[in-house]
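A short write-up of the structure that comes next.
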């Protein structure tokens with residue numbers, strides 16, 4: 001009986017914890033350069049920030065869905081807060097090379113990407 005009361009208390013406490021989506025599990029978010037990744041949120045978001053917008057960018061689709069786009073190889077972070085300023089999501093973002101046949105040249109803050117299928121040609125990255 002005592003174990004049953006303990007189990008009931010645990011289950012009751014867990015019912016009060018908000019649902020956590022796959023986007024909030026604490027692992028690094030990995031996205032390739034020039035690709036996007038959808039991030040569904042477990043709660044409505046009111047604010048989104050990226051530490052270094054030269055490495056990654058976010059597009060807000062709705063209060064529960066954002067898109068993360070890799071801009072340049074590197075690492076940054078993303079923070080999402082709710083209307084009361086509580087953190088919903090805080091993760092490291094790793095932007096990796098695109099797995100296609102491409103060559104990325106970085107000179108300071110300037111990134112030049114060459115797509116090499118079948119012949120290398122510069123891609124306009126909007127910079």
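The values are calculated or read from the model by the stated rules, or taken from the named source; none is laboratory data. For clarity, every value in this text was computed on a predicted model and none was experimentally measured. Note that each Cβ is placed from the backbone with ideal geometry, even for glycine, and that neighbours are counted across all protein chains shown.
State yes or no: is residue 47 more than 26 Å from residue 111 (Cα to Cα), surrounded by fewer than 16 Cβ atoms within 10 Å (Cβ to Cβ) and touching a residue at least 12 places away in the same chain (Cβ under 8 Å)? Spelling it out, residue 47 is indeed more than 26 Å from residue 111 (Cα to Cα), surrounded by fewer than 16 Cβ atoms within 10 Å (Cβ to Cβ) and touching a residue at least 12 places away in the same chain (Cβ under 8 Å).
How many residues, within region 96-127, are at pLDDT below 70 and on the phi > 0 side of the Ramachandran plot? Counting residues in region 96-127 that are at pLDDT below 70 and on the phi > 0 side of the Ramachandran plot gives 1. Sub-8 Å Cβ pairs linking a first residue in region 76-89 that is on the phi > 0 side of the Ramachandran plot and buried (at least 20 other Cβ atoms within 10 Å of the Cβ) to a second residue that is at pLDDT below 95 and not in a loop (DSSP other than H, G, I, E, B), at least 6 apart or interchain, number zero. Annotation: residue 62 fulfils all but one of (1) in contact with a strand residue (DSSP E or B) (Cβ under 9 Å, 6 or more places away or on another chain); (2) more than 30 Å from residue 122 (Cα to Cα); (3) at pLDDT 50 or above; the unmet one is (1). Residue count for region 34-44, restricted to those that are more than 15 Å from residue 67 (Cβ to Cβ) and buried (at least 18 other Cβ atoms within 10 Å of the Cβ): 1.
Every test in (1) at pLDDT below 90; (2) more than 13 Å from the chain's Cα centre (by Cα); (3) more than 25 Å from residue 112 (Cβ to Cβ) is passed by residue 85 save one, and that test is (1).
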